[in-house]
1. So what's segment 30-128 giving for Rg/Rh, alpha carbon basis, Kirkwood Rh from the mean inverse pair distance?
2. Between Glu130 and Ser150, how high is the FRET efficiency from 1/(1 + (r/R0)^6) when r is the Cβ-Cβ distance and R₀ = 22 Å? Nearest 0.05.
3. Any idea what the alpha-carbon Rg over 2.2 N^0.38 Å comes to for segment 122-189?
4. When Leu92, Leu124 are ordered from fewest to most other Cβ atoms inside 10 Å of their Cβ, what list results?
5. Going by C-beta contacts inside 10 Å, put Ile120, Ile169 in order with the fewest on the left.
6. Mind checking the full-extension length gain between Arg172 and Val82? Use 0.36 nm per residue of separation minus the Cα-Cα distance, one decimal, nm.
Amino acid sequence: MIRINLAPEAKRRRGISLPSLSLSLSLPSLNLGTLFGVVYVLTIVGIAGYWVMLSTERTKLTTEIAAGQAELAQLKVTIGQVNQVRAQAQDLRRRLAVLEELMKGQARPIALVDVFANVIPKDLWITGFETREDFRLKVSGSAFSTTAVSDFMQNLRSSGKFQDVDIVISRRDLSKPAGLVTFEVTCRFEG
């Protein structure tokens with residue numbers, strides 16, 4: 001601040017004094033219009049910043065939702081494929097069980113036929129062969145002689161695989177050429 005002394009010169013000279021240097025700081029006067037303007041601008045800037053932040057967050061969440069929905073659709077397809085594979089696996093297990101049951105059930109009949117084929121004499125023919133669930137057999141056939149029938153029965157007994165070997169019928173059929181002997185034998189397979 002500049003001070004101007006308007007007093008006459010005589011008064012100034014009487015007491016020679018040096019001008020005092022004083023610094024004074026003063027705050028500018030408070031203007032309410034300026035204050036409200038600044039507050040208004042800061043409020044608008046704050047609201048705009050908050051709006052931008054919310055808009056960015058909304059865009060981010062929308063993108064995440066779209067990605068989540070795409071992943072969900074892909075997982076539904078994968079789950080459908082997994083369920084289809086499970087159904088196929090279950091079907092294969094069921095088929096495998098049926099095949100195992102068939103194979104387990106085939107071993108004994110195959111052994112029966114194999115052993116039975118080895119005990120038939122050369123001059124004897126089998127014309128009928130019946131089996132029951134308990135592997136009881138009823139065998140009918142023809143032979144050139146009663147000796148062939150008795151050899152057949154002896155072969156069944158000596159094989160060790162057939163039990164309870166009995167002859168049901170044995171007769172010579174004179175109506176057929178060469179006097180063939182027809183027979184019927186029952187036994188039980190123990191193989």
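1. On the way: Rg = 41.6 Å, Rh = 22.6 Å.
With Rg and the Kirkwood Rh in hand, the quotient comes to 1.84.
2. Details: r = 22 Å, r/R0 = 0.98.
After rounding to 0.05, the efficiency reads 0.55.
3. Numbers: Rg = 12.0 Å, N = 68, 2.2 N^0.38 = 10.9 Å.
This ratio for segment 122-189 stands at 1.10.
4. On the way: Leu92 10, Leu124 20.
Ascending Cβ contact count within 10 Å gives the list Leu92, Leu124.
5. Details: Ile120 18, Ile169 9.
Neighbour counts put them in this order, fewest first: Ile169, Ile120.
6. 25.4 nm
We did not get these values from a lab; they are worked out from the coordinates using the rules stated. What you are looking at is a predicted structure, and each value in this text was computed from that prediction instead of being measured. All Cβ positions, glycine included, derive from the backbone under ideal geometry; neighbour counts span all protein chains shown.
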